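The values are calculated or read from the model by the stated rules, or taken from the named source; none is laboratory data. Just so it is clear, the structure is predicted and the values come from calculations on it, not from any experiment. Note: ideal-geometry Cβ built from the backbone for every residue, glycine included; neighbour counts use all protein chains shown.
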Amino acid sequence: MEGQMPMIGGEIPPPPPPQLPEIPAPGLAIAEELDQRLLVQLRDGRKLLGHLRSFDQFANVVLEDAIERVVVGRLYGDIHLGVQVVRGENVVLMGRVEEGAAEMPAGYERVNEAEIKEAQKAEKVEQELRGGMAGRFDFLDE
């Protein structure tokens, strides 16, 4: 009986369950980003940049020195928000922004807050007009 497992009650005990790799809880991944500058993409398409200061079990996050990065065509600008609380259900993705990384790819022109807001309004009006006109000619698709 050497080399065999000890028998309990005359039966061989079942083999131990397979060991699964330890998977970190989702909160641990966010915890690694505390005090880092992050880009947060929201469900409505907005992009926020700021330093992650706090989070909870629902992935609600607090960003300090937050800005909204607005891109319209080849123009971009920042709207300063200060401290921003974002509900976790609105977050699509979060990623660290490395210090010293390029603000935007080449070919984009930075404008001030007033100019980017004006460009954003013009883009919204244009989209509404395009949507309205497309709706009027819907019958052509049939």
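Report, ordered by the first and then the second residue, all pairs with beta carbons closer than 6 Å, sequence separation of six or more or different chains, a first member in the stretch 114-133 that is surrounded by 10 or more Cβ atoms within 10 Å (Cβ to Cβ), and a second member that is of a type in the set (Gly, Ala, Ser).
From the stretch 114-133, the pairs are 116/77.
Given the structure, is residue 66 modelled with pLDDT of 95 or more and among the small types (Gly, Ala, Ser)?
Taking the combined requirement at face value, the residue satisfies it.
Restricting attention to the stretch 11-64, which residues are basic (Lys, Arg) and closer than 20 Å to residue 78 by Cβ?
37, 46, 47, 53
If only one of 14, 24, 18 is under 43 Å from the mean Cα position of the chain (by Cα), over 30 Å from residue 81 (Cβ atoms) and modelled with pLDDT of 75 or more, which one is it?
18
State the number of residues belonging to the stretch 55-94 that are farther than 20 Å from residue 124 by Cα and either out of contact with any Asp or Glu (no Cβ under 9 Å at 6 or more places or on another chain) or surrounded by 16 or more Cβ atoms within 10 Å (Cβ to Cβ) (or both).
Summing the residues that are farther than 20 Å from residue 124 by Cα and either out of contact with any Asp or Glu (no Cβ under 9 Å at 6 or more places or on another chain) or surrounded by 16 or more Cβ atoms within 10 Å (Cβ to Cβ) (or both) in the stretch 55-94 gives 20.
With the requirement that a residue be assigned to a loop (DSSP other than H, G, I, E, B) and of a type in the set (D, E, K, R), what does the stretch 12-43 give you?
In the first step, residues of the stretch 12-43 are kept if they are assigned to a loop (DSSP other than H, G, I, E, B); the result is 12-25, 32-36, 43.
Answer for the stretch 12-43, where residues must be assigned to a loop (DSSP other than H, G, I, E, B) and of a type in the set (D, E, K, R): 22, 32, 33, 35, 43.
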